[in-house]
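Structure first, then comments.
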Amino acid sequence: MMKDAWWLARKEFRFYKISIGFSVVVTILLAALISFSLEQSDSNVFHPEGSKDKFIFMDIIFVLVTPSLSAIFMSGPYLSLKAVKEDPFSKRMAYLRSLPIPVNVLSLSRTIMMLMTFTLLSLVFYATFTFVLYDQIFEHLTVAEYFTFLVIWLGYAAAMGGFNPFIEYGTNGKVLHTVPYLLMILLAFVIFVFYQLAGNGIVESTISLSTTIGWPIALLFLFVGAAGCVGWNKLLTVRLARRDYV
């Protein structure tokens, strides 16, 4: 099953190579944009008497945007409202379901493709701002602490990003273009509530966790990310088996 799913995922990944290329470029620009916010947040953690700005923009980027690194967001279905009516992902899955391919192979191939996209775009995203802010970051953090910080956010984004294959292939065009906005509103509310209760930012708090707890918190978030991917894959398998594509 794994071999077949891997083959199918690689084949479709190549099919989207142009859209993936554009997604990489946009990801680099986003990473460069948030670099200065990350620098200021790092200073806040270690110098609380300094700037009292909340840097909500940075939390929005990490909490709302990093899960999108699991999707080829510069592809047609995400850029055009025609996808609401044309529902290209469902049409693609209808074709795949007509072939003699087991449902669990199809769902696993969607998850593998998501992980391939997530790995590539996350590598580009984090490598960019690490390169830009190398001196500032490691003035306050050790390599191990910074790596722990990255793993925390990778785990979070993987758990949230596992939702993408389910939305793309388990629902329809309307849901594809509606749910992300609802999710953004919900996460924005979470950010607001966190600020009110904790008095600082979520990203700032994860930096603090990286320096005080270290690897145990990183392993926890890795488990959360893996569990999220497995859970969403199982839900997608059930959905594909029950959905009528005729």
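Derivation of every value follows stated rules applied to the coordinates shown; laboratory data play no part. Computed from a prediction, not measured in an experiment: that's the story for all the values here. When we count neighbours, we look across all protein chains shown, and the Cβ atoms used for this are built from the backbone with ideal geometry, even at glycine.
Data for the structure
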| item | result |
| --- | --- |
| Sorted largest first, extent of region 55-172 alpha carbons per principal axis (Å) | 56, 30, 19 |
| Among 109-117, 3-11, 124-132, the order from most to least packed when residues are scored by Cβ within 10 Å on average | 109-117, 124-132, 3-11 |
| Gyration tensor (alpha-carbon) shape descriptor, region 139-234, a/c threshold 1.5 | oblate |
| Mean ellipticity per residue at 222 nm, deg cm²/dmol - from DSSP H runs of n ≥ 4 across the chain, formula -39500 (n - 2.57) | -26500 deg cm²/dmol |
| Neighbourhood net charge (14 Å Cβ-Cβ; Lys/Arg +1, Asp/Glu -1) for Lys11 | +4 |
| Given Lys11/Lys91; Lys11/Lys85; Lys17/Lys91; Lys3/Lys234, the pairs whose alpha carbons are separated by over 22 Å | Lys11/Lys85 |
| Length-normalised contact order of the chain in % [C-alpha pairs under 8 Å, at least 6 apart] | 32 percent |
| Cα centroid separation - region 214-240 against region 160-208, whole Å | 16 Å |
| Within the chain: Cβ-based charge dipole about Cα centre, in debye rounded to nearest 20 (Lys, Arg +1; Asp, Glu -1) | 1560 debye |
| (1) -0.52, -0.73, -0.94, -1.04; (2) -0.42, -0.62, -0.84, -0.95; (3) -0.44, -0.66, -0.91, -1.04, with the label sought being that of the calculated log10 I(q)/I(0) by the Debye sum over Cα atoms at q = 0.09, 0.11, 0.13, 0.14 Å⁻¹ | (2) |
| Tilt relative to the chain, helix 17-46 - C-alpha long axis, 0 to 90 degrees, to 10 | 20 degrees |
| On Cα atoms only, tilt of 2-15 relative to the major axis of the chain in degrees | 80 degrees |
| Cα convex hull of region 179-246, projected area averaged across orientations, nm² | 6.5 nm² |
